[in-house]
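The values are calculated or read from the model by the stated rules, or taken from the named source; none is laboratory data. Since this is a predicted model, take the numbers as computed values, not measurements. Cβ atoms come from the backbone with ideal geometry, glycine included; neighbour counts cover every protein chain shown.
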Amino acid sequence: MKDKVVLFETEDKCSGCGVCMNACPKGAISLKEDERGFVFPQIDSDICIGCGACKKVCGYNNIPELNSVKKSYAVSNKNTDSIRKSASGGAFYILAKKIIEQGGYVYGASMEKEDDALTAKHIEISSVNQLNKLQGSKYVQSDVGYIYKEVKKRAINGDSVLFSGTPCQVAGLKNYLGKEYSNVILVEIICHGVPNSRLFKDFIRYNQRKNNCVIGNFFFRDKTHGQGYTTKTVFTKNNKQQVKIGKGELTAYIRFFSKSLILRDSCYSCPFAQGSRVADFTIGDYWGFAKEHNDQNMNEKNGISCVLCNNEKAIDFLDECKNDFNIIESEYSKIAKHNKQLNGPTEKSSDRDMVLETYVKSGYSSLEKLYWRKYPKDKVKYIISAIIPADFKRNVRRIFR
Ligand SMILES: Cc1cc2nc3c(=O)[nH]c(=O)nc-3n(C[C@H](O)[C@H](O)[C@H](O)COP(=O)(O)OP(=O)(O)OC[C@H]3O[C@@H](n4cnc5c(N)ncnc54)[C@H](O)[C@@H]3O)c2cc1C
């Protein structure tokens, strides 16, 4: 009799990265949403042969070898048009562009239309003018589908490949590849956790209903007013395409995301939120740059990325990209001082389960009401901040610096 495979004991021990589904030789695994919308693998016991391939690749069951950070940098893309599309300093774009120039393939999260809403999905890109799809942070769990299989095929074929994603996705891929490929570059974002796709879709639907429009694209971090959760919504109303720039924190989705109230269970005990890293490169926001460095070429308003090189491969590859960056060497301790997720996983607030229970019971609109009721000070603070022009705020900050 075959052994019954148990992939995870408790929900916080599964990141939903989907690598198990890719590794199953019989196609017995699919990802299914729970009542809150978080995806978990389900094994069809009629098809499963009990080989354990799924368990072997799981990044939580088998944490891959982690590397200590070898070199740390602050970077910003020299191209001002391109950096505006990136969440921070555009580190990802420059690394990805180099791979494509070598005739390679880049994988990352894109905002895609699905059902009557939007969702984040991993896709493959092989031309520079398509890279903008992967630029920018999508603050929702990305569906990787069977992309890990594609990456492995290309890796074996000798193609240059760059895979970018959350640390748990990179961990899964690393196990699935099973060995080091010199032609594969792994890039992880510093991550404080992900909400699920169903909740994000409901947020988009709520806004479509409220504004009687169809939303075609959504950006979490538009730079029109500098850095922060400034959202850009591209929508069609009365047959006319329009764009709206908004203050993200005025919405329950983004405020609850930034307060870590709607993240996946596993994010609160993430084994990858620490100083030793799973990917070749770690990229994130260089918060606190001006406190640590004085460099006129770096503009905090445009965004500055921190780049951690976690092995020699990353150091050599970054060297090939240096001409496209404003770049200065920094220190890991300086970066980690301002970036909580390099020091440990996000703390789980006592409100988090209550927020998700409210969503399950009464839907997304109840979260907007809950925001007013439970956090009125936050709401008022962001309303006032949305009214005051950004330039005025910047000037006041400059005076008091
Ligand atoms: C859910 C989430 C939480 C984050 N939390 C932090 C944090 O706490 N601290 C911090 O310093 N940085 C955090 N980041 C990273 C930060 O927002 C930027 O993505 C990072 O600084 C890289 O910016 P960039 O300008 O180099 O590239 P960008 O052009 O912004 O690059 C986008 C890159 O992010 C990847 N990406 C975007 N959305 C997703 C997604 N949903 N899942 C997987 N990969 C995705 C793309 O594949 C691409 O590689 C987070 C990002 C996400 C998506």
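Things to note:
- Which numbered condition Phe257 misses (of (1) touching a Gly at 6+ places or on another chain (Cβ under 7 Å); (2) modelled with pLDDT of 95 or more): (1)
- Of the helices (runs of 4 or more DSSP H) lying entirely inside segment 1-95, not one is found with 1 or more residues being charged (D, E, K, R), at pLDDT below 95 and in contact with a helix residue (DSSP H, G or I) (Cβ under 7 Å, 6 or more places away or on another chain).
- Within segment 187-230, the set of residues being more than 11 Å from the ligand (Cβ to nearest atom), among the hydroxyl-bearing types (Ser, Thr, Tyr) and at pLDDT 95 or above comprises just one member, Tyr206.
- Considering only residues in segment 338-386 that are charged (D, E, K, R) and part of a loop (DSSP other than H, G, I, E, B), the one that is nearest to the ligand (Cβ to nearest atom) turns out to be Glu347.
- Here the condition is being outside any loop (DSSP other than H, G, I, E, B), at pLDDT below 95 and more than 13 Å from the ligand (Cβ to nearest atom); of Lys322, Lys313, Lys301, it holds for Lys322 alone.
- Residue check, Ile94 touching a Phe, Trp or Tyr at 6+ places or on another chain (Cβ under 8 Å) and assigned by TED's automatic domain parsing to the domain that holds Ala155: yes
- For segment 81-103, the criterion of a residue being touching a residue at least 60 places away in the same chain (Cβ under 8 Å), away from the ligand (no atom under 12 Å from the Cβ) and not aromatic (Phe, Trp, Tyr) is satisfied by at least one position.
- Taking segment 308-348 as the range and being among the polar types (S, T, N, Q), under 27 Å from Asp265 (Cα atoms) and surrounded by fewer than 15 Cβ atoms within 10 Å (Cβ to Cβ) as the test, only Asn343 passes.
- Number of the exception - Cys267 against (1) more than 15 Å from the chain's Cα centre (by Cα); (2) assigned by TED's automatic domain parsing to the domain that holds His338: (1)
- Segment 116-144 - residue that is among the basic types (Lys, Arg) and more than 7 Å from the ligand (Cβ to nearest atom) and, of those, nearest to Arg221 (Cα to Cα): Lys133
- Residue check, Lys379 at pLDDT below 95 and assigned by TED's automatic domain parsing to the domain that holds Ser269: no
- Against the test of being within 11 Å of the ligand (Cβ to nearest atom) and either surrounded by 22 or more Cβ atoms within 10 Å (Cβ to Cβ) or of a type in the set (A, V, I, L, M, F, W, C) (or both), the options Val151, Val170 yield a single qualifying residue, Val170.
- For the condition in a loop (DSSP other than H, G, I, E, B) and in contact with a helix residue (DSSP H, G or I) (Cβ under 8 Å, 6 or more places away or on another chain), Val151 does not qualify.
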